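For reference, the structure discussed in these notes is given below.
Values quoted throughout were computed directly from the atomic coordinates according to the rules given, and no laboratory measurement underlies them. In this text the structure is predicted, and so the values were computed from the model without any measurement. Cβ coordinates were reconstructed from backbone atoms using ideal geometry, including for glycine residues, and neighbour counts include every protein chain displayed.
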Ligand code: PLP
């Protein structure tokens, strides 16, 4: 009955897990969530005030599909100031979250039979979006030993005459890697030489630590910019996940096509959110700095704490708010007579024994790992890491 397109698609594991955990919490279980992909901070006051003002001014009607001009101008200013990228408002499309910008882009460029490379481990939705376009995802592995940096040799080996694009995510969910400029230059040169497109998902751009610098690949040369669709949004940087605002910047012809698609599916995002986004982008950035400092403290703690646990190794995450510890030394161990075989079993075990919700790494193409989000208070992180270590001690 359902279309092949849908039958081929896996539901979002993270969305499903959230529903399961919420159901357990409603039954009274004291589960602490280390699975969520959103900041635990509230949206800053100046941003909320802008929303109230927009409502009071009656800014409640349809807006142009690509977003109001004032917001697209603010995005152009942000891209110029922060990313060394010159765009005009005609090269910007505002969407209902970065997620929508991404799927718009994939559907606008990719045909059945096209191949789209994805460095893995990767965010859960990329492979499914590519499949929705009836294109073929081609996973290109990255390694913990290289800090999960892009492996250009592997990318070269994965190229084929059908390669249409690559989806990049820096800073990366789930690895926390921040891609180095020289590697991005090499990738950009490959894209120009072999004529493929780059989707550059930069939603975690503001969350970089250890003096790392986020580089927008489109800023590296005009020829690379011609082939890049830069995707960003307000969810992670401004703790605005529920407001739903993302955007894409790219060549006008592609942006126009994405706009047509959006015009038939959802139209522009919420009018109030669009006004609010102008304040987020151009107003005080102080709340963001405070949030980043907190994330950094937690990051340092959790990486060193996990590395002290027997049988676990954890790479130093340099961006976003996730760590991806390797836990496969616990596979094949026993708990209450049951053998824990893979990351989903370990996830269930930690949920039951330590009341801690993480995400099985398999959901991110990282079967030897768990993904842990440190979007939680340092106090909670400390307490649950203790519990996690104790629980792991029960495994035989
Ligand atoms: N890209 C990555 C890598 C993400 O982790 C997420 C959210 O988890 C998104 C995009 C979607 O962001 P938005 O809330 O703007 O749709």
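Taking the beta-carbon count within 10 Å as an exposure proxy, list 52, 225 from fewest neighbours to most.
Details: 52 11, 225 22.
Lowest to highest Cβ neighbour count: 52, 225.
Quickly work out the residue 73-to-residue 253 label distance, labels modelled 7 Å from Cα along the C-beta direction, and quote it in nm with one decimal.
Calculated label separation equals 2.9 nm.
Working only with C-alpha atoms, what are the Rg and Dmax values of region 296-396, expressed in angstrom?
Looking at region 296-396, its Cα Rg and Dmax stand at 12.6, 39 Å.
Compute the FRET efficiency between residue 260 and residue 139 as 1/(1 + (r/R0)^6), taking r as their Cβ-Cβ distance and R0 = 35 Å, and round to the nearest 0.05.
It comes out at approximately 0.70.
Using label points projected 7 Å from each Cα along Cα→Cβ, tell me how many nm separate residue 128 and residue 15, to one decimal.
The answer from the label model is 0.5 nm.
With r defined as the distance between the Cβ atoms of residue 341 and residue 157 and R0 fixed at 45 Å, what FRET efficiency is calculated, to the nearest 0.05?
0.90
Could you run the Debye sum over the Cα atoms of region 24-136, one equal point scatterer each and no solvent, and tell me log10 of I(q)/I(0) at q = 0.16 Å⁻¹, two decimals?
Taking Cα atoms of region 24-136 as identical point scatterers yields -1.10.
How far apart, in nm, are two points set 7 Å out from the Cα along the Cα-to-Cβ line at residue 328 and at residue 223?
About 3.8 nm, to one decimal.
Translational D (Stokes-Einstein, µm²/s) of region 231-378 at 10 °C and 1.306 mPa s when Rh comes from the Kirkwood sum over C-alpha pairs?
Rounded to a whole number, D works out at 86 µm²/s.
For region 136-219, what percent of Cα pairs sit more than 22 Å apart?
Above the 22 Å cut-off, region 136-219 has 21 percent of its Cα pairs.
Taking the alpha-carbon centroid of each part, what is the distance from region 41-113 to region 279-321 in angstrom?
26 Å
Wrap a convex hull around the Cα atoms of region 94-177, take a quarter of its surface area, and give that in square nanometres.
Mean projected area for region 94-177: 5.5 nm², to one decimal.
How would you rank 346, 85, going from fewest to most other Cβ atoms within 10 Å of each one's own Cβ? Kindly include the intermediate steps, with their values, before the conclusion.
Working: 346 24, 85 18.
With the fewest neighbours first, 346, 85 line up as 85, 346.
With a 10 Å radius around each residue's Cβ, average the other Cβ atoms per peptide and rank 321-327, 129-135, highest first.
321-327, 129-135
Residues of region 192-208 with the amide nitrogen closer than 18 Å to a label point 7 Å from the Cα of residue 285, along Cα-to-Cβ, please.
Answer for region 192-208: 202-208.
Mind checking the full-extension length gain between residue 82 and residue 378? Use 0.36 nm per residue of separation minus the Cα-Cα distance, one decimal, nm.
Answer, rounded to one decimal: 103.6 nm.
Calculate the tail of P(r) for the chain: the fraction of all Cα-Cα distances greater than 41 Å, expressed in %.
13 percent
By counting other Cβ atoms within 10 Å of each Cβ, how are 4, 390 ranked from fewest to most?
By the 10 Å Cβ count, ascending: 4, 390.
What is the Cα radius of gyration of region 292-336 over 2.2 N^0.38 Å, N being its residue count?
Region 292-336 yields a ratio of 1.35.
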